[in-house]
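The next block holds one structure in the form of structure tokens; read it before the comments.
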Amino acid sequence: MRLTISLFSFFCAVVFMMYGGLQAQDPSSTLEFFPIDLANPTPEVFEQSVPVSPAKIPNTPANPETAPAASEDLSDADFMDFSVSETAPEEVPDPAEPEITELNTIQDFWKLYEVSDSFRQRYSDGTEWQSEEDQLFFFYHLQERITLEDLEKWAFPERDLAILDPLDTKELNPRRFDAFWITGKLLSAEKTELEKNIAFRYGLSSYFTCQLVLDDGRKVTLFCRQLPRALQKPGALDPPPRVGLPALFLKKGPEAENVPAPAPNVEGKTVPLCPLFMIGSRLAWYPDTLLCEAGFDWGLFDDLDREELPEDALRSASNDTRLALRNRECFYQMMNAVFHMPQEKLKKIVADVQENAPDEHFEQIDYAQTQTRKDGKKPERYSSVGPIFRQPVKERGNFFFLKGVVRRIDAIRVQDPDINQRFGITHYFELFLFPDETPQSPVVVLVPALPDGILPGSSTGYYVELKVPAFFFNTWSYENGKNEEGKKIRRFAPLLIGGIPEQTVSTIYAPDLFWFYVLGGTTFGGLFFLSLILYFLSSQENAAFARNRQKMYALPEGTRLENDVENTAEKEREMGFEEWCRKNE
């Protein structure tokens, strides 16, 4: 019995020691990756609405009318390791091809396509728009010939519009069809549907005629191909939203609509601001949001969905979760806006969120957290990731301050020349971050750089804890192994674009472990010594019991059992029959 108790005590001591070791070990060895599969979500937790994998995407300008179907995935290339140096082979021009004229300005482009003076003279300044004045010709070139990269490079700043005001028609002709950046308020928009034969000829089914007032008060009549869907709804232009784009100057409007100049022009003269007729491709929308303050076109979120559906409609994951040609501009333009935000501004946004955001915005976790820091201040609170799992469409473009364990970092190189030139983006880093709120479901954050001492990696033991300010882009699908049939498995995770992360430590409440180790050591030692004492006592008792048993069943001293048997047999053999009978009478 005592031996059984001693073995049980020793077993308890060992279990107690192992439990204490597990509590003190690095949490990275116990973290597993079980991403939530949004393809079959539970109705009470998730809503159907999801968008894809940022790999290499073609650098052709986005054109919804010629974009591939939603089921096509243009991101077949694997992630590229930025740490590996590769040198692109030099392209050798074909001697049979004619030399292309170098285009330095948009007027060089018009000369290349032989836009003559007689064509320019068709536009009569100082009048309303005439039926013979063509705008579809320029729609065609903006869609098929002039890339967005060239248009942005050739466009003059808005202040240069003042140069056009004092010029007459003859002097205007050399400047006609120049590109200018314009920004202002959208007063009205009217959609025009084209006839089938004209639509087929120009690759354009409709266009919008918009009335704008620029920041200096100038009136502009703008023809554009695309208008954000939100601005096409009833009441969307009250109050007038802020819009802008690079547009081509066509002609001056009626002099009756001239407005006084707020200041002298570049030549020091005060000339009234003439109304203008201009044409552009896509009208950008700049509502009052943090991203739009940094220059992001909010209307580009339309490109994340193949079509507009009611809020309660079910969506196909294949339509909205893969980065393709149609949403390429949105992805990189948002990346440009976030990556070029000053760190001071991001810190100010974080401080404002800490001070003013409601409690519902922050993490909903089930364990205790520290209430104060060593300096007496409240600890930083981090945004809940629940909304971007439940309602990703509504959260696009919203700010989140995240913290969690990063188990994988990939370096991605951007090899598209237009993105390198337009935005200066040559690479970014992809973080798989497991927030404290959802430690088994990652979010993917793209950042421009890593903190000092942190390197990319994805090994089993890779572990680093980071906090990062970020903006939600969309839900993203990525490949994660293959099933039993050999087909690729796609997982879903929220995709955010953020600033430079910072290394941090967990804010989970950790008690003082001194008394834990004292109590643990005392308990383990007591159980261990108790098991030893009981073991020795039981051993002595067993030895005494063995000695007593031996004495009880032992033969007399000097007697051997086998000798006694042998002697008795011999005596019986020597006794005669008559003697035996007499003995037994």
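The values are calculated or read from the model by the stated rules, or taken from the named source; none is laboratory data. All of these numbers come straight from a predicted model, not from anything done at the bench. Because the Cβ atoms are built from the backbone with ideal geometry, glycine has one as well, and the counts that use them run over all protein chains shown.
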Practice item. Evaluate the following for Pro234: is it in contact with a helix residue (DSSP H, G or I) (Cβ under 7 Å, 6 or more places away or on another chain) and either in the same structural domain as Ile163 (by TED's automatic domain parsing) or loosely packed, with under 15 Cβ neighbours inside 10 Å (or both)? Key: no
Review point. Which of the residues spanning segment 223-271 are among the basic types (Lys, Arg) and either closer than 23 Å to Asp125 by Cβ or modelled with pLDDT under 95 (or both)?
Key: Arg225, Arg229, Lys233, Lys251, Lys252, Lys269
Check your understanding: Can you tell me which residue in segment 135-167 is nearest to Lys219 (Cα to Cα), limited to those that are more than 44 Å from the chain's Cα centre (by Cα) and in a loop (DSSP other than H, G, I, E, B)?
Key -> Asp165
Practice item. Search segment 168-204 for residues being among the acidic types (Asp, Glu) and either assigned to a strand (DSSP E or B) or closer than 22 Å to Trp285 by Cα (or both), and hand back the single one that is farthest from the chain's Cα centre (by Cα). Key: Glu193
Check your understanding: of a type outside the set (A, V, I, L, M, F, W, C), at pLDDT 90 or above and part of a loop (DSSP other than H, G, I, E, B): does that describe Lys394?
Key -> yes
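Listed here are the residues, each with its yes/no results for (1) among the aromatic types (Phe, Trp, Tyr); (2) more than 17 Å from the chain's Cα centre (by Cα).
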position	(1), (2)
Phe399	yes, no
Arg407	no, no
Arg422	no, yes
Tyr463	yes, yes
Pro494	no, no
Ile497	no, no
Check your understanding: Residue check: is Lys487 over 27 Å from Val405 (Cβ atoms), of a type in the set (D, E, K, R) and at pLDDT 75 or above?
Key -> yes
